[in-house]
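The values are calculated or read from the model by the stated rules, or taken from the named source; none is laboratory data. For clarity, every value in this text was computed on a predicted model and none was experimentally measured. Note that we place each Cβ from the backbone using ideal geometry, even for glycine, and neighbour counts take in every protein chain shown. Ligands, DNA and RNA are stripped out before the accessible areas are found, and what is left, the full protein with its side chains, is counted by its heavy atoms. Shrake-Rupley method; radii C 1.70, N 1.55, O 1.52, S 1.80 Å.
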Amino acid sequence: MSTAKKDYKRVTVKSLVEMKANNEKISMLTAYDYTMAKIVDGAGVDVILVGDSASNVMAGHETTLPITLDQMIYHASSVIRAIDRALIIVDLPFGSYQSDPKEALRSAIRIMKESGGHAVKLEGGKEVKESIKRILNAGIPVMGHLGLTPQSIYKFGTYTVRAKEEAEAKKLKEDALMLEKAGCFAIVLEKVPAKLAQEVAESLTIPIIGIGAGNGVDGQVLVTHDMLGMTHEFNPRFLRRYLDLYTEMTNAFQKYVADVKSLDFPNENEQY
Ligand code: KIV
């Protein structure tokens with residue numbers, strides 16, 4: 001089933017801007033490994049984000065802070081080997097771009113060279129403007145990320161909705177405009193009021209991809225393991241679960257254990 005308005009053989013950063021102009025919503029999901037990326041890409045998802053959420057989902061850390069640039073490159077190169085169509089965006093991890101623009105560029109170059117990713121994403125507004133410009137000047141497409149920025153979790157202390165207050169909403173709008181003017185090709189807006197997200201999407205020409213930001217934006221992103229229901233302890237209001245894989249997988253594993261113990265597996269047809 002496809003509801004795409006135009007068939008893109010390969011999705012590029014230009015396709016995303018075109019989709020927004022044509023009123024076609026953009027679908028984006030995360031992947032961190034070859035097998036998952038192959039399924040996500042084959043299903044027709046427009047954009048795959050190799051998110052630093054790998055730090056939580058793949059490695060079991062409490063935050064996204066511990067994941068390293070080398071680990072992001074490993075995940076991204078596994079994803080790249082799987083895809084035929086999707087645009088692959090790779091998160092610059094915490095500590096790889098905040099200290100100065102030269103280091104930010106070096107990190108982005110390593111991602112592009114060593115993983116084959118198509119673009120990078122980084123968190124923040126005017127604080128990281130110079131780094132963004134430096135990366136863009138090298139010809140590397142950059143996606144911004146505003147609202148809830150998990151790499152700054154210790155500054156804010158909670159994962160609650162951002163920019164509910166006027167001052168924070170004003171800064172977010174200014175930052176979004178700055179990111180567009182600097183040359184970012186799209187922005188992720190995480191966990192902000194739907195009305196504010198819609199205002200930002202309507203005021204910019206680059207696509208705004210929301211997560212917990214309502215449906216007045218230009219596309220949606222979810223963490224794949226969450227939407228598949230594998231991470232059942234994570235229950236934010238914005239999350240729609242398309243499967244309950246936690247239960248399905250638990251049942252399958254329990255059946256396997258029972259079959260092994262009872263000598264039901266392998267049977268005659270499952271041996272040589
Ligand atoms: O790392 C990630 O998965 C993300 C999404 C939540 C947008 O940044």
**Report entry** Residues being of a type in the set (Lys, Arg) and surrounded by fewer than 14 Cβ atoms within 10 Å (Cβ to Cβ) - total across segment 74-88
**Finding:** 1
Query - Scope segment 213-236; condition outside any loop (DSSP other than H, G, I, E, B) and in contact with a Gly (Cβ under 8 Å, 6 or more places away or on another chain); matching residues - result: Gly219, Gln220, Val221
Query raised in the report: Would you pick out the residues in segment 159-171 that are within 16 Å of the ligand (Cβ to nearest atom) and either open to solvent by 20 Å² or more (accessible area, probe 1.4 Å) or within 16 Å of Ile89 (Cα to Cα) (or both)?
Result: Tyr159, Thr160, Val161
Query - Criterion violated by Gln71 - all others in (1) open to solvent by 40 Å² or more (accessible area, probe 1.4 Å); (2) more than 30 Å from Thr158 (Cβ to Cβ); (3) within 15 Å of the ligand (Cβ to nearest atom) satisfied - result: (2)
Query raised in the report: Can you find a residue in segment 239-256 that is within 12 Å of the ligand (Cβ to nearest atom) and surrounded by 14 or more Cβ atoms within 10 Å (Cβ to Cβ)?
Result: yes
Query raised in the report: Within segment 135-142, is there a residue that is outside any loop (DSSP other than H, G, I, E, B) and open to solvent by 60 Å² or more (accessible area, probe 1.4 Å)?
Result: yes
Query raised in the report: Mind checking which residues of segment 176-207 are more than 21 Å from Gly139 (Cβ to Cβ), open to solvent by 10 Å² or more (accessible area, probe 1.4 Å) and in a helix (DSSP H, G or I)?
Result: Leu177, Ala194, Lys195, Leu196, Gln198, Glu199, Glu202, Ser203
Query raised in the report: All but one of (1) surrounded by 23 or more Cβ atoms within 10 Å (Cβ to Cβ); (2) in a helix (DSSP H, G or I) hold for Glu114; which doesn't?
Result: (1)
Requested in this report: Residue by residue through segment 1-60, note down the ones that are open to solvent by less than 30 Å² (accessible area, probe 1.4 Å), without any contact (Cβ under 8 Å) to a residue 40 or more places away in the chain and not charged (D, E, K, R).
Outcome: Ala54, Ser55
